[in-house]
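Here the structure comes first, spelled out in structure tokens, and everything after it is commentary.
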Amino acid sequence: MLTALALLACAETERPAPPRPPDVVVVSVETFRADRALLGQPGSPMPKLSAFAEGAQRFEAAWSPAPWTLPSMVSLLTGLNAAEHGVTRGELSLNPKVETLAESLQGAGYETMFFGVNSLFTASRGLDQGFSTYRAWPSLNGNDLQREMERAVDARDPSRPLLLWLHYFEPHCPYEAAQPFRGRETPTWGEDEAPTLDQAQFDQLGRCFQLSDPGEQPVLQVGRYLREYDAELRGIDLLLGDLFVSLERRGLQDAVVVVVGDHGESFWEHGDFGHGRTLFEEVLHVPLLVRWPGQGDAGVVTSPVSTSVVPQLLRAAAGLGERPTYDGPVLAGTDDEGRSLRAGRLGDQKLILDTQTGAVLAFDLGADPHERAPLATPDPTLLQAVRAEAATQPTAAPLALPLAPPVEAQLRALGYKP
Ligand SMILES: [Zn+2]
């Protein structure tokens, strides 16, 4: 018996230590529209991120689960759809019973750090759950954000794996890209086709969006807004290029790296500017890239995928579960000023349901990628899935924040309210 125990003990000591789970870096970018980023395509305003994409897994039909920051970020942090976590209005906060990605990884021994720019992150809305370092600024440029991150990462305990999350604000309105990036056209759709606003439409734009010429004349050509937005993408591309170099210098060259947009941006394609109020492709279709260490070109996923899949992907990378599959409908939603919209996508089929009126807009994105010709009959399977989503209640109801007036002011400053 003693011999057997001794042998067992010996076997125990000789067993190799479990492999250290990989470092994980998530880079979420504000207001990041896939069809303007054009990653890997000729004429992309983002050569550095395009080069990164060549060595990454590319999700070509990634959807944000909501068209604005708060619900979309809660989904990215929890893996739940907006309907499941319920944090769909500015005064709501994530229920602490929901386990976030940061909590899962912290439980697995990770050091967890978040550095993000958006006034919505500064009040506690549960976004900080599971981060041992959580720092948020209402405004900070991307260079300074990187310096703050570097100071903290350089002081970390390198024996522990790291979850590092950065959220850049840059492409968000106001469109104020640095001068070298401005005035250059991205040769894609839009510039010439884009409409011209009238003065009343200009006046309805949130202050955040309004552009004026040097003589204080309002800019009415929507093409000019697109050009300024593309200039913002050129600027964030340089920031991301610097960030990738900085991560390598900090020993994070073998990290799993996710780059994702939190939602897109409308430029009057369907009668609206900004984001938050509609569910058309310009606000839902975002870049999603995952660089897996040692894999090089990890291929293309063409199936529609919600960015809420990110926590499951990263838990799997850390050895905490299975990788997701990409079948079944992808869902999104928004609640705005008493209006409630839900959308779904299955293959090329898409539909948007107004839950109050029951009105449905259906599209075939293969034949009609800009959603200009609604179909007479929606796909019945998809309609059923979207109706089920509309009836979904959060499993752990969100909490109300006692901060109504400042929240209202924050939302206005971000352009969500006129
Ligand atoms: Zn956002």
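Scanning segment 274-282 turns up at least one residue that is among the hydrophobic types (A, V, I, L, M, F, W, C), modelled with pLDDT of 95 or more and in contact with a strand residue (DSSP E or B) (Cβ under 9 Å, 6 or more places away or on another chain). Might you check whether a residue that is under 23 Å from Ala396 (Cβ atoms), aliphatic (A, V, I, L, M) and either modelled with pLDDT of 95 or more or within 16 Å of the ligand (Cβ to nearest atom) (or both) occurs anywhere in segment 138-157? No, segment 138-157 contains no residue that is under 23 Å from Ala396 (Cβ atoms), aliphatic (A, V, I, L, M) and either modelled with pLDDT of 95 or more or within 16 Å of the ligand (Cβ to nearest atom) (or both). Mind listing whichever residues of segment 116-135 are crowded, with 18+ Cβ neighbours inside 10 Å, within 16 Å of the ligand (Cβ to nearest atom) and either at positive phi or modelled with pLDDT under 95 (or both)? Correct list: Val117, Asn118, Ser119, Leu120, Phe121, Arg125, Leu127.
Results for (1) outside any helix (DSSP H, G or I); (2) modelled with pLDDT of 85 or more; (3) under 25 Å from Leu140 (Cα atoms); (4) polar (S, T, N, Q), shown as yes or no for each residue.
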residue	(1), (2), (3), (4)
Pro171	yes, yes, yes, no
Tyr175	yes, no, yes, no
Pro180	no, no, yes, no
Gly183	yes, no, yes, no
Glu193	yes, no, no, no
Phe202	no, yes, no, no
Cys208	yes, yes, yes, no
Arg227	no, yes, yes, no
Asp230	no, yes, yes, no
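Ala34 - would you say it is within 15 Å of the ligand (Cβ to nearest atom) and more than 10 Å from the chain's Cα centre (by Cα)? Taking the combined requirement at face value, the residue satisfies it. Restricting attention to segment 229-244 and to residues that are away from the ligand (no atom under 16 Å from the Cβ) and of a type in the set (A, V, I, L, M, F, W, C), the residue that is farthest from Ala318 (Cα to Cα) turns out to be Ala231. Taken over segment 245-276, the criterion of being part of a loop (DSSP other than H, G, I, E, B), away from the ligand (no atom under 11 Å from the Cβ) and not charged (D, E, K, R) is satisfied by Gly251, Leu252, Gln253, Ala255, Trp268, His270, Gly271. Of the residues making up segment 60-115, those that are within 16 Å of the ligand (Cβ to nearest atom), free of Cβ contacts under 8 Å to residues at least 60 places away in the same chain and of a type in the set (Gly, Ala, Ser) number 0.
When residues of segment 23-49 are filtered for being under 20 Å from Val256 (Cβ atoms) and either among the aliphatic types (A, V, I, L, M) or buried (at least 21 other Cβ atoms within 10 Å of the Cβ) (or both), how many remain? Matching residues across segment 23-49 total 10. Among the residues making up segment 73-118, those that are touching a helix residue (DSSP H, G or I) at 6+ places or on another chain (Cβ under 7 Å) and of a type outside the set (A, V, I, L, M, F, W, C) are Ser75, Thr78, Gly79, Asn81, His85, Thr88, Gly90, Glu91, Thr100, Ser104, Thr112, Asn118. Contact annotation: residue pairs with Cβ atoms under 8 Å, 6 or more positions apart or on different chains, pairing a residue in segment 292-303 that is within 19 Å of Thr325 (Cα to Cα) with a partner that is modelled with pLDDT of 85 or more and among the β-branched types (Val, Ile, Thr), are Trp292/Val256; Ala298/Val290. Scan segment 318-358 for residues that are touching a residue at least 24 places away in the same chain (Cβ under 8 Å), β-branched (Val, Ile, Thr) and under 19 Å from Thr307 (Cβ atoms) and the total you get is 3.
The criterion of at least 1 residues that are in contact with a helix residue (DSSP H, G or I) (Cβ under 8 Å, 6 or more places away or on another chain) and modelled with pLDDT of 95 or more is met, among helices (runs of 4 or more DSSP H) falling completely within segment 310-418, by 310-317. On the given criteria, is Thr302 surrounded by fewer than 22 Cβ atoms within 10 Å (Cβ to Cβ) and at pLDDT 95 or above? Yes: the conditions hold for Thr302. The combined condition, being part of a helix (DSSP H, G or I), within 16 Å of the ligand (Cβ to nearest atom) and under 30 Å from Leu365 (Cα atoms), is not fulfilled by Val27.
The values are calculated or read from the model by the stated rules, or taken from the named source; none is laboratory data. It should be emphasised that the depicted structure is a prediction, and the values quoted were computed from it without experimental measurement. Every residue, glycine among them, receives a Cβ derived from its backbone with ideal geometry; neighbour counts consider all protein chains shown.
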